[in-house]
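The values are calculated or read from the model by the stated rules, or taken from the named source; none is laboratory data. All values derive from a computational prediction rather than experimental measurement. With ideal geometry, Cβ positions are generated from the backbone for all residues, glycine too; neighbour counts draw on all protein chains shown.
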Amino acid sequence: MSTVDLEAATTPAVATGQDRAVLRRFLRNPLAVIASLVFLTIVLSAVFAPWLAPYGANFTKLALVTAPPGEEFLLGGDGAGRDVLSRLIYAGQLTLAGSFLTVLVAAGLGVSTGLVAGYFGGWFDRFGGWMANFLIVLPGTIVLVAMFTLIGPNIIITMVVLGVLIAPNFFRLVRNLVISVRNELYVDAARVSGLSDGRIISRHILSVVRAPIIIMAASVWGIAIVVQAGLEFIGLGDPTTPTWGSMLLDAYNNIYIGRHLLLPPGLMIGLTVGALILIGNGLRDALNGEEAIIVAPRQRVKDAARAEAAVPSVPEALLEVQGLSVGYAGRDGSTKTVVRSVGFTIARGEILGLVGESGSGKTQTALSVLRLLPEGGMVTGGGIWLEGQNLAGLSDAQMQAIRGKRIGYIPQEPMSNLDPLFRIGSQLCEPLQVVGGLSRQEARGRALALLERVGIADPHRVFMSYPHQISGGMAQRVLIAGALSCDPDLLIADEPTTALDVTVQAEILDLIRDLQAERNLGVLMVTHNFGVVADLCDRVAVMRGGEIVELGAVNDIFARPQHEYTRTLLASTLEDAPVRPPLVPRPPRRQNAGAET
Amino acid sequence: MDHGRSGNLKGRWMTGYVIQRFASAMLLLLAITAVAYGLIYSGGAEVSRSILGELATDEQVAAKNVELGLDQPLPIQYGNWLANAVRGDLGRSWFSAERVSDAIASRLGVTLSIVSVAILICTVISVALGAFAAVRRGWWDRAVQIVSVIGEALPNFWVGLLLVATFAISLRLFPATGFVPLNRSPLGWLSSITLPVTALVIGGVASAAAQVRGALIDVLSRDYIRTLRARGLPENRVILRHALRNAAPAAITVLSLQFIGMIGGAVMIEKVFALPGMGTLAIDATVRGDIPVIMGVLITMALIVVVVNLFVDLANAWINPKARLA
C-alpha cells in the first residue's frame, strides 16, 4: 500500500513535466500556431491603434460618406464619412477589452466558487449548484436587453453582467474537476502530511484545473465578442466609441447604399472568434495527447492482411493464427507495433491460455481474431484461419456473419459491456433474432433458458432488468449467455474474471469450464493469472512485449518452464501451487491502461 | 406478468420524476420573476418621472406612483404582479396602453415560427452530419470540423445581413424584411422566414453537429459497442439502434441549449429582417423604458426556457432508465 502512495504522491511532479509536453504538442499543431499568431496580431494592432491607424477613429470627411474602398480610405468610408480601416483598428480596443472583462468576471467568479464548492462541498456546494442552474437557464440576451433599461448605454457594466451570467460554466467545470481530484491519492497524501487546505488547492489542485480553465476561457472570450457585437448591433451600445458591433449597425443602416461596409467588421469578428476557438481546440488536443487518427483504419486492415495470403499449416485446427502482427497508426504516420509475429492453434474442445502482463499484447491478439481492434489498430501482417478459412480474405459483412455465430466473445468488465439503455432481455434477444433468425417468442424462450443455464436464479427478473440493476457477477453471467447465444464453435474470453470478486471468480470459471465441456468449445482464454491457467487450460502461450515467448502444454510449462520470463511469472504468482490453487486476488489496477483496451 | 410489474415500476418512477421536475421548474420560474422584478422596479420614483416627463410636478409624480402601485413596498408590488400574472394579466404598456399579454401573443408566433423551424432543420442536419463524421471519420470528419469552426465563429446576425444583401437585395429572391403569418399565406410565410431561418440554422448546425459528432465518437468507443459487434449484429443496427440512442441525451441537451440561444439571438435576427417578434418588442420596450412589457417579455422567455428544460429532463429520463432515479 505504501508503495502505491509514494508512486501517486509523485504525480504533481509528473504534471509539470506534462505541461512542457502539452506546450510542445500545441506548438507542433500548425493550425493552433497560426491561430495564435492571428490572434496576437489582432490584439497588438488594437493596442497600438494610435500608431497604426491612418486616421483618427472619429476623423470625418463628408465627401467620403459610404465611399467604396479607394486610395484615401483603403476600406472605404462609413455612413458618417469616417475611415473604415481606422475604425476597424480602433474598434478592436473596446471589443477585445470589453469581452476580456467578461472572461475575467466569469472566470474569477466561477473558478473561485467552483474551487470552494468542489473542495469543501457542503451547503456552499449545494447553494452554488442551485445558483449555477438558475443563471444558466436565464435567456441571457434578453436579460442583457432588459438590463439596458436600468444601466443605460454602458458596455462595461453590460460585459460584467454577461460575465456573471456565463460564470456557471466555469463553476461547474472547476467544481467537477476538483471533486475528481480531491479524492486522488496524492491529495490525500498531501493532506496527511499536514499541508494546509490553501497550499493543497494552490499546489495540487490548481495545476490540474488550469488547462481546462484556459480552454474554456478561450471559448467564453469568443462568445463574449459575439454577444457584445450583437448588443451593439441592436443599438444598446455606447455610440461614442467604435466597436465591431457598432460598425455592423452602421453597415446595416446603409445596407442599400454601402454594402462594402458589411464585410470588414464581420470578418474581423469571425477571424478573432475563429482564432480563439482554434486555440482552445489546439490546447485540448495537446492535453489529450496524440488522439486524432487521420487514415480510416478498416481499409488498411484488409489490405495489409490480404497481402500475405499464406496457407494454414494445421488445416484441421479450429483456429490457427500465424505470424500475426498488430500495429497502431500514430498521428505522424508511423506505426507502433504492439503484437509481433504471434502464432498458435486451438483445436476443437481445447482451451488455450494466453498469459502475460498488462500491455503484453494478449488482448490485441484476441481482438484481431474478431477483427474488432480499437480505432487506429490494424493487422499489419500474418494470417488468421477459422477451420481453414482465411478470415483476412473476408469482407466486413462476411466477417460480421462469423462473429456471434462462429466466434463468441466474453469481455473483461461486465458492467461496461452491457448497453445501459436496454433491458437485459432485449440485449440477449436481439442477436438471437437478428443473427440467429429466431422469432420474438422463440428468442425470448431461448434467452430465458440461457439465463437459467448460466446459473441465474431468477431469469425472469433479470430478463426485465436494466444493467444498472444487477450485480457485476450476474452481468458477467449475462455476457457469457450472450456469447453462447448463437452457438459459436470458438469462445474468446478476455480476462473474464479480472473485474469480479474473488468468490465470484471461481464460480464464473466453473461455469466456463462446464459450458466448454458441454458444447465441446475451443476457447482462447486471455488472462494474466496463472491460477486461471492451471485451473482451466490445456495449453498455454506466454506473451511478453507483443511476442509469444513460450508455448506448450500446461503441465509441461508448469513443470519445466523454458523461458526466463515464464519462470519469473510462475515464481511471482504461484509460490506453492496446489493442483487447484486458490484464485489470486486482483492486482492493483494498472496505470497505463492505454495499450490494452 | 413480469412485464406488467416492471412496467408499473417504471410508471411510478416516471410519475414521481415528472412531479419533481415540474416543481423545480415552477420554483425556478418564481425565482426568475422575483429577481427580475426586484431589479427592475427598485428604481420606482424614476419610472413615473420618466413617463410624465421632466416638467411634471412632484404631486403628479406621486399621483402616478399611486396609480401604478409604485408607492407600496416592493414585496407587495411583486405579490400583486404575480397574482395577476398567474391569471394571465401582465398589466398594460405604460406607453401604448396595450395589454402586455396581447402584445406578447401577437409577437410570440413570429419568434417561435423562425426558431422552431430553425431548430427542427438544425436537428436533422446536425445529427446526420455529426453521425456521418463520427462513423466515417477521415476526410468527412475533417470537413465537418472545419465547417463547425467557421460556423461558430461568425455571428448569426452577420450571416443574416449577408443573406439579405445577397438574396434579398441583389438577387431579389426573398423579401428583405417583414413577416407573413402562416394562416394568411403559407407560401408567403415560407418565403418570409427562409432567410432568417437559414441564418439561425448555419450557426446552430455548426456547433450542434460538432457536439453530436463528439458524443457519438465517445459512445462508439465504449465497450458495449464492441460487444454488440462481437455478437454479430450488423454495423447499421449497432449505430442506429444502440450508438445513436446512447448519444441522444447529449444531443438533446446541445440542441436545447441551441434553442434557448436562438430564442435570445432572435433579438438580432429580428432586427436584421425587421420581423415583428419578441426581440423587436423587447428592444422597443427597453429603449422606451416600458417596464411592464419588459417584464412580460422576460417572463415569457423564462417560461419557454423552463418548458424546454423540463422537456429535456423528461426526454432524457425516457431514454435513460438510470436518469429516472435521479
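Candidates are the residues of the range A:205-218 that are of a type in the set (Gly, Ala, Ser) and surrounded by fewer than 19 Cβ atoms within 10 Å (Cβ to Cβ); the one that is modelled with the lowest pLDDT is A:Ser207. Would you confirm whether or not the range A:91-114 contains a residue that is in contact with a strand residue (DSSP E or B) (Cβ under 7 Å, 6 or more places away or on another chain), of a type in the set (Val, Ile, Thr) and buried (at least 20 other Cβ atoms within 10 Å of the Cβ)? No, every residue in the range A:91-114 fails to be in contact with a strand residue (DSSP E or B) (Cβ under 7 Å, 6 or more places away or on another chain), of a type in the set (Val, Ile, Thr) and buried (at least 20 other Cβ atoms within 10 Å of the Cβ). The single residue among B:Leu216, B:Leu240 that is surrounded by fewer than 21 Cβ atoms within 10 Å (Cβ to Cβ) and either more than 7 Å from chain A (Cβ to nearest Cβ) or of a type in the set (Asp, Glu) (or both) turns out to be B:Leu240.
B:Trp140 meets the stated requirement of being under 18 Å from B:Leu220 (Cβ atoms) and without any contact (Cβ under 8 Å) to a residue 60 or more places away in the chain. Scanning the range B:222-253 for residues that are touching a residue at least 60 places away in the same chain (Cβ under 8 Å) and either β-branched (Val, Ile, Thr) or touching a strand residue (DSSP E or B) at 6+ places or on another chain (Cβ under 8 Å) (or both) returns B:Ile239, B:Ile252, B:Thr253.
Test A:Ser193 against the criterion of being out of contact with any helix residue (DSSP H, G or I) (no Cβ under 7 Å at 6 or more places or on another chain) and of a type in the set (S, T, N, Q), and give yes or no. Yes; evaluated as a whole, the condition is true for this residue. Only residues that are among the hydroxyl-bearing types (Ser, Thr, Tyr) and over 28 Å from A:Ala317 (Cβ atoms) were counted across the range A:400-428, and they come to 2.
Here the condition is being modelled with pLDDT under 90 and small (Gly, Ala, Ser); of A:Ser395, A:Ser368, it holds for A:Ser395 alone.
Taken over the range B:157-177, the criterion of being part of a helix (DSSP H, G or I) and modelled with pLDDT under 90 is satisfied by B:Val164, B:Ala165, B:Thr166, B:Phe167, B:Ala168, B:Ile169, B:Ser170. Considering only residues in the range A:409-447 that are polar (S, T, N, Q), in contact with a helix residue (DSSP H, G or I) (Cβ under 8 Å, 6 or more places away or on another chain) and part of a helix (DSSP H, G or I), the one that is nearest to B:Ala230 (Cα to Cα) turns out to be A:Asn417.
For every residue, the table says whether it meets (1) among the acidic types (Asp, Glu); (2) at the interface with chain B (Cβ under 10 Å from one of its Cβ atoms); (3) within 32 Å of the chain's Cα centre (by Cα).
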| position | (1), (2), (3) |
| --- | --- |
| A:Ser395 | no, no, yes |
| A:Ile402 | no, yes, yes |
| A:Gly408 | no, yes, yes |
| A:Glu442 | yes, no, no |
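For the range A:35-54, the set of residues classified as among the aromatic types (Phe, Trp, Tyr) and surrounded by fewer than 17 Cβ atoms within 10 Å (Cβ to Cβ) consists of A:Phe48, A:Trp51, listed by residue number. Is it the case that some residue within the range B:142-151 is surrounded by 15 or more Cβ atoms within 10 Å (Cβ to Cβ), farther than 23 Å from A:Ile223 by Cα, more than 10 Å from every other protein chain (Cβ to nearest Cβ) and among the β-branched types (Val, Ile, Thr)? No: zero hits. Conditions first: (1) surrounded by fewer than 20 Cβ atoms within 10 Å (Cβ to Cβ); (2) touching a residue at least 24 places away in the same chain (Cβ under 8 Å). A:Gly404 passes all but one, so which condition is the exception? So the condition that A:Gly404 fails would be (1). Restricting A:Gly425, A:Gly472 to residues that are surrounded by fewer than 24 Cβ atoms within 10 Å (Cβ to Cβ), modelled with pLDDT under 90 and more than 7 Å from chain B (Cβ to nearest Cβ) narrows the list to A:Gly472. Of the helices (runs of 4 or more DSSP H) lying entirely inside the range A:190-272, the ones with 1 or more residues being within 13 Å of another protein chain (Cβ to nearest Cβ) and of a type outside the set (S, T, N, Q) are found at A:206-233, A:244-253. Look at B:Pro249 and say whether it is more than 9 Å from every other protein chain (Cβ to nearest Cβ), outside any helix (DSSP H, G or I) and surrounded by fewer than 21 Cβ atoms within 10 Å (Cβ to Cβ). Against the criterion (more than 9 Å from every other protein chain (Cβ to nearest Cβ), outside any helix (DSSP H, G or I) and surrounded by fewer than 21 Cβ atoms within 10 Å (Cβ to Cβ)), B:Pro249 does not qualify. For the range B:262-297, filtering for residues that are closer than 24 Å to B:Gly203 by Cβ and either surrounded by fewer than 24 Cβ atoms within 10 Å (Cβ to Cβ) or not aromatic (Phe, Trp, Tyr) (or both) leaves 23. Quick one: count up the residues across the range B:309-323 that are facing another protein chain (nearest Cβ under 9 Å) and either in contact with a Lys or Arg (Cβ under 9 Å, 6 or more places away or on another chain) or crowded, with 19+ Cβ neighbours inside 10 Å (or both). Qualifying residue count, the range B:309-323: 4. Is it the case that A:Ala392 is in a helix (DSSP H, G or I), crowded, with 18+ Cβ neighbours inside 10 Å and in the same structural domain as A:Ala481 (by TED's automatic domain parsing)? No: the conditions fail for A:Ala392.
Residue by residue, here is whether (1) hydroxyl-bearing (Ser, Thr, Tyr); (2) touching a helix residue (DSSP H, G or I) at 6+ places or on another chain (Cβ under 6 Å); (3) at pLDDT 85 or above holds:
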site: B:Glu46; (1), (2), (3): no, no, no
site: B:Leu55; (1), (2), (3): no, no, no
site: B:Val61; (1), (2), (3): no, yes, no
site: B:Asp71; (1), (2), (3): no, yes, no
site: B:Ala85; (1), (2), (3): no, no, yes
site: B:Arg99; (1), (2), (3): no, no, yes
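Checking the stated criteria, B:Thr280 turns out to be polar (S, T, N, Q) and within 18 Å of B:Ser113 (Cα to Cα). Of all residues in the range A:57-114, those that are within 20 Å of A:Ile215 (Cβ to Cβ) and either modelled with pLDDT under 90 or among the small types (Gly, Ala, Ser) (or both) total 7.
One line per residue, one yes/no per condition, for (1) in a strand (DSSP E or B); (2) buried (at least 24 other Cβ atoms within 10 Å of the Cβ):
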{"position": "A:Gly327", "(1), (2)": "yes, no"}
{"position": "A:Arg340", "(1), (2)": "yes, no"}
{"position": "A:Phe344", "(1), (2)": "yes, no"}
{"position": "A:Ser368", "(1), (2)": "no, yes"}
{"position": "A:Glu375", "(1), (2)": "no, no"}
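Take the conditions (1) within 14 Å of another protein chain (Cβ to nearest Cβ); (2) at pLDDT 85 or above; A:Glu375 misses just one of them, which is (2). Return yes or no: is A:Leu150 at pLDDT below 85, surrounded by fewer than 20 Cβ atoms within 10 Å (Cβ to Cβ) and in contact with an Asp or Glu (Cβ under 9 Å, 6 or more places away or on another chain)? For A:Leu150, the condition - at pLDDT below 85, surrounded by fewer than 20 Cβ atoms within 10 Å (Cβ to Cβ) and in contact with an Asp or Glu (Cβ under 9 Å, 6 or more places away or on another chain) - is not met. One residue is enough: does the range A:188-199 have a residue meeting the conditions over 28 Å from B:Leu257 (Cα atoms), buried (at least 21 other Cβ atoms within 10 Å of the Cβ), assigned by TED's automatic domain parsing to the domain that holds A:Pro139 and at pLDDT below 80? Within the range A:188-199, none of the residues are over 28 Å from B:Leu257 (Cα atoms), buried (at least 21 other Cβ atoms within 10 Å of the Cβ), assigned by TED's automatic domain parsing to the domain that holds A:Pro139 and at pLDDT below 80.
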